[in-house]
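Working notes, structure below.
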Amino acid sequence: MAERRKFKKRYCRYCEQKVEFIDYKDLDAIRFSLSERYKIMPRRLTGNCKKHQDMVTEAIKRARQVALVPYIVDRKRVIENPFELIK
Amino acid sequence: MKNAYETLFIVKPTLTEEEINATVEKVKEVLAKVDAELRAELTMGMRRLAYPVQKHERGYYTVFYYNAPGSAIAELERNLKYDENVIKFMTVKYSNKRELAQFEKQIAAAKKAPEATSEEAPANEESAEA
């Protein structure tokens with residue numbers, strides 16, 4: 001086990017910034033926890049703490065409901081940098 | 001007993017500006033009718049949707065922050081559901097202490113934002129004229 005732990009220790013980014021609540025409309029805050037295909041990144045990769053992972057999960061799911069974040073991205077539904085596409 | 005709520009809804013992009021404003025006003029009237037106290041309004045404007053909704057690629061986003069009794073929500077959502085110009089809506093309740101603090105913060109932010117947009121708006125008009 002000890003040998004396999006090659007990546008460095010990660011800290012919760014939201015804890016560092018002392019985020020109290022993550023708003024689903026705040027895409028910049030959500031963005032960090034999304035993969036390239038707009039999946040929710042697991043805690044083991046982002047290093048988020050449980051508290052903030054729960055918050056961000058809820059925010060992402062809400063953002064998906066109101067079409068701010070896509071549910072899926074595949075070859076049929078390719079979206080090029082949708083965060084910048086405001087208009 | 002009034003709770004803190006936030007409702008976001010998306011208006012069809014095919015409408016003219018007047019029609020969009022009329023739809024937003026209509027929702028406001030419903031809010032007033034159901035005894036809701038409108039705290040702040042946040043206009044996010046025309047945005048690209050992350051996925052097509054009723055074959056629309058874009059939509060006009062508006063957010064209302066308000067305090068209302070729980071029974072008001074059913075009536076409001078019923079009205080939004082029957083409004084053909086509204087393609088999507090979502091209501092979020094702010095209940096615990098931390099969320100309520102955030103609610104106040106967002107109201108303050110939303111109240112600041114219209115000033116910024118009003119400054120931008122004349123500039124856009126000028127560019128449109130030019």
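Since every read-out is calculated from the coordinates, none of them should be taken as a lab result. Since we're looking at a predicted model, the values are computed, not measured. Here the Cβ positions follow ideal geometry from the backbone for every residue, glycine too, while neighbour counts run over all protein chains shown.
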### Message
Counting other C-beta atoms within 10 Å, and keeping those with at most 15, which DSSP coil trypsin sites (Lys or Arg not before Pro) do you find in segment A:23-82?
### Response
A:37, A:39, A:75, A:76, A:77
### Charge tally in the Cβ shell below 14 Å around residue A:63, where Lys, Arg are +1 and Asp, Glu are -1, residue A:63 excluded
+4
### Task
Quick one: work out Rg over Rh on the C-alpha atoms of chain B, Rh as Kirkwood radius.
0.99
### Label-point separation in nm, residue A:28 to residue A:65, each point 7 Å along Cα→Cβ
2.6
### Query
If each residue's Cβ is checked for other Cβ atoms within 10 Å, how do A:54, B:83, A:28 rank with the fewest at the top?
A:28, A:54, B:83
### Query
Looking at this model, which pairs from A:51/B:93; A:39/B:88; B:55/B:112 are more than 29 angstrom apart at the alpha-carbon?
B:55/B:112
### Query
Summing +1 for each Lys or Arg and -1 for each Asp or Glu, what net charge is found among the other residues whose Cβ lies under 15 Å from the Cβ of residue B:81?
0
### Message
Run the simple label-point estimate for residue A:49 and residue B:46 please: 7 Å along Cα→C-beta, distance reported in nm.
### Response
4.4
### Query
Taking 0.36 nm per residue of separation and subtracting the Cα-Cα distance, what length does fully extending residue A:21 through residue A:37 add?
3.3 nm
### Relative intensity, log₁₀ I(q)/I(0), of segment A:13-65 from a Debye sum that treats every alpha carbon as a point, q = 0.15, 0.21 Å⁻¹
-0.34, -0.68
### Query
Hey, fewest Cβ within 10 Å first, where do B:95, A:33 land in order?
B:95, A:33
### Query
Among residues other than residue B:97 whose Cβ falls under 12 Å from its Cβ, what is the net charge (Lys/Arg +1, Asp/Glu -1)?
-2
